[in-house]
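To start, the structure under review is shown below, and the notes come after it.
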Amino acid sequence: MIPFLDLKRVSQQYRDELIQACKRVIDSGWYIGGQELEKFEQNFANFCGTKFAIGVANGLDALILTLRAWKELGQLKDGDEVIVPANTYIASILAITANDLKPVLVEPDEQSLNISVDAIQSAITEKTKVILAVHLYGQLADMPKIMQIAERHNLLVLEDSAQAHGAKIQGKKAGNWGDASGFSFYPGKNLGALGDAGAITTNDAELARTLQALRNYGSHEKYKNLFVGVNSRLDEIQAAMLDVKLKYLDEEIVKRRQIAASYLSQIQNPFIALPLTGSDTQQYKQHVWHLFVIQSEYRDELQSYLKENGVQTLIHYPIPPHKQEAYKEWNDLSFPITERIHAQVLSLPMGPTQTLEETQKVIELCNAFLPKGRA
Ligand SMILES: *Cc1c(COP(=O)(O)O)cnc(C)c1O
């Protein structure tokens, strides 16, 4: 079976270094809030080009706590509107509703599948306070335009960079465009821990300081609580694992780009639409290919065919947030582009340890696919 992503093989590459780092933490006797976290935060901020990175327990908390911090700082209040793409992973939306803010779902751009700039503009009201831009599949949303709109309307911009570590536009990376950005280090992400982890990046010192307290019971100083905080810390072991893997992230991105380039140049089938990363072909070079997402009207048939032929694929995502039972109140809303995307997308195998042979086999199978009744 060609796996969608072989995490065991990914970890094996760095096994000795990971074990060394583990030993160092075990032998230090210090497991929460120490040097490993500090070192990783500094290195990750440097990687993104930001002044600050604040480690938290996971990517969802990174988003929740950032919105929460803006409430604590008086920049947001209950009921304020947050514009968010309707086709995002549900975490982006959970972060909004968890803060008693109002998600305003908007359609994506049909080419990039990232939030549509025109749709943002039409959705802005007096209550709009935040644009939550999600960099889906490893490609930045149109940040230059989004930042212009935000400036014009005095809005905060939160990036959801969970799928886009290292992606750039005009040389500026994910996490360094908005007022703040949430990252996930879930094992399957491009930079993954060996467990759950996340971080927020920002250039705003006051926000960073507030987040440092919020993740730790609302406290900077033991037993002095400034906020009604939570426990969402990134522990020393995971910080140490991430610091090992961060060194290799750029190399891994190169490998992902090579696989994407092969898929893009060699998959040719009228029943398969390849990802369009925007009219600017420069963008291909800036994409970090967390996922390689094709579309087909025969998606389910294509997925079964690939499976029968030994290729694992995944669907990101089968059900849009507004059709989820958790958000029953939105089930009748209509987002035709979003709904079509969810019916047609399929993610092909993609990862830093995928071999040339594996990539070739996926390409050959895709090219030989013929939907039933189309012979
Ligand atoms: C993975 C992901 C998250 C959530 O990250 P966790 O670490 O799993 O909480 C948020 N947003 C997007 C777009 C994601 O892909």
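The values are calculated or read from the model by the stated rules, or taken from the named source; none is laboratory data. Values in this document were obtained by computation on a predicted structure and should not be read as measured data. Cβ placement follows ideal geometry from the backbone for every residue including glycine, while neighbour counts extend to all protein chains displayed. Note: accessible area is taken over every heavy atom of the protein model, side chains too, but ligands, DNA and RNA are not part of it. Shrake-Rupley method; radii C 1.70, N 1.55, O 1.52, S 1.80 Å.
Here the condition is being more than 11 Å from the ligand (Cβ to nearest atom), among the acidic types (Asp, Glu) and in contact with a helix residue (DSSP H, G or I) (Cβ under 8 Å, 6 or more places away or on another chain); of Asp109, Asp100, Asp160, it holds for Asp109 alone.
Among Leu348, Leu365, Leu333, which is the only one that is at negative phi, under 21 Å from the mean Cα position of the chain (by Cα) and not polar (S, T, N, Q)?
Unique residue meeting the criteria: Leu348.
Restricted to region 111-140, and to residues there that are open to solvent by 10 Å² or more (accessible area, probe 1.4 Å) and free of Cβ contacts under 8 Å to residues at least 40 places away in the same chain, the residue that is farthest from Ala162 (Cα to Cα) is Glu126. Taking the conditions (1) within 16 Å of the ligand (Cβ to nearest atom); (2) touching a Lys or Arg at 6+ places or on another chain (Cβ under 8 Å); (3) of a type in the set (Ser, Thr, Tyr) in turn, Thr201 satisfies each one other than (2). With the condition kept exactly as written, say whether any residue in region 4-13 is crowded, with 21+ Cβ neighbours inside 10 Å and either β-branched (Val, Ile, Thr) or more than 16 Å from the ligand (Cβ to nearest atom) (or both). The answer is no, given that none of the residues of region 4-13 is crowded, with 21+ Cβ neighbours inside 10 Å and either β-branched (Val, Ile, Thr) or more than 16 Å from the ligand (Cβ to nearest atom) (or both).
Being without any contact (Cβ under 8 Å) to a residue 60 or more places away in the chain and surrounded by fewer than 15 Cβ atoms within 10 Å (Cβ to Cβ), is that true of even one residue in region 310-323? For region 310-323, residues without any contact (Cβ under 8 Å) to a residue 60 or more places away in the chain and surrounded by fewer than 15 Cβ atoms within 10 Å (Cβ to Cβ): present. Per the conditions (1) surrounded by 15 or more Cβ atoms within 10 Å (Cβ to Cβ); (2) outside any helix (DSSP H, G or I); (3) more than 22 Å from the chain's Cα centre (by Cα), the sole criterion not satisfied by Glu297 is (1).
Among all residue pairs at least 6 apart or on different chains, which show Cβ distances below 7 Å where the first residue, located in region 1-27, is modelled with pLDDT of 95 or more and the second is open to solvent by less than 40 Å² (accessible area, probe 1.4 Å) and of a type in the set (Asp, Glu)? Hits for this filter: Ile2/Glu358; Val25/Glu36; Val25/Glu236.
Regarding region 115-128, can at least one residue be identified that is within 16 Å of the ligand (Cβ to nearest atom), outside any helix (DSSP H, G or I), under 21 Å from Ser334 (Cβ atoms) and of a type outside the set (A, V, I, L, M)? No, region 115-128 contains no residue that is within 16 Å of the ligand (Cβ to nearest atom), outside any helix (DSSP H, G or I), under 21 Å from Ser334 (Cβ atoms) and of a type outside the set (A, V, I, L, M). For region 1-84, the helices (runs of 4 or more DSSP H) that sit wholly inside it and include 3 or more residues that are more than 17 Å from Asp160 (Cα to Cα) are 7-12, 15-28, 35-48. Note on region 90-110: residues that are buried (at least 19 other Cβ atoms within 10 Å of the Cβ) and over 27 Å from Gly218 (Cα atoms) amount to 5. Taken over region 233-265, the criterion of being open to solvent by 70 Å² or more (accessible area, probe 1.4 Å), touching a residue at least 12 places away in the same chain (Cβ under 8 Å) and more than 17 Å from Gly351 (Cβ to Cβ) is satisfied by Arg233 alone. For region 29-42, does any single residue satisfy the condition of being touching a strand residue (DSSP E or B) at 6+ places or on another chain (Cβ under 7 Å), under 18 Å from Ala205 (Cα atoms) and open to solvent by 70 Å² or more (accessible area, probe 1.4 Å)? No, because not a single residue in region 29-42 is touching a strand residue (DSSP E or B) at 6+ places or on another chain (Cβ under 7 Å), under 18 Å from Ala205 (Cα atoms) and open to solvent by 70 Å² or more (accessible area, probe 1.4 Å). Note on region 163-183: among residues that are open to solvent by 10 Å² or more (accessible area, probe 1.4 Å) and outside any loop (DSSP other than H, G, I, E, B), the one that is farthest from the ligand (Cβ to nearest atom) is Lys172. The residue of region 325-341 that is least open to solvent (accessible area, probe 1.4 Å), among those that are in a helix (DSSP H, G or I) and out of contact with any helix residue (DSSP H, G or I) (no Cβ under 8 Å at 6 or more places or on another chain), is Ile341.
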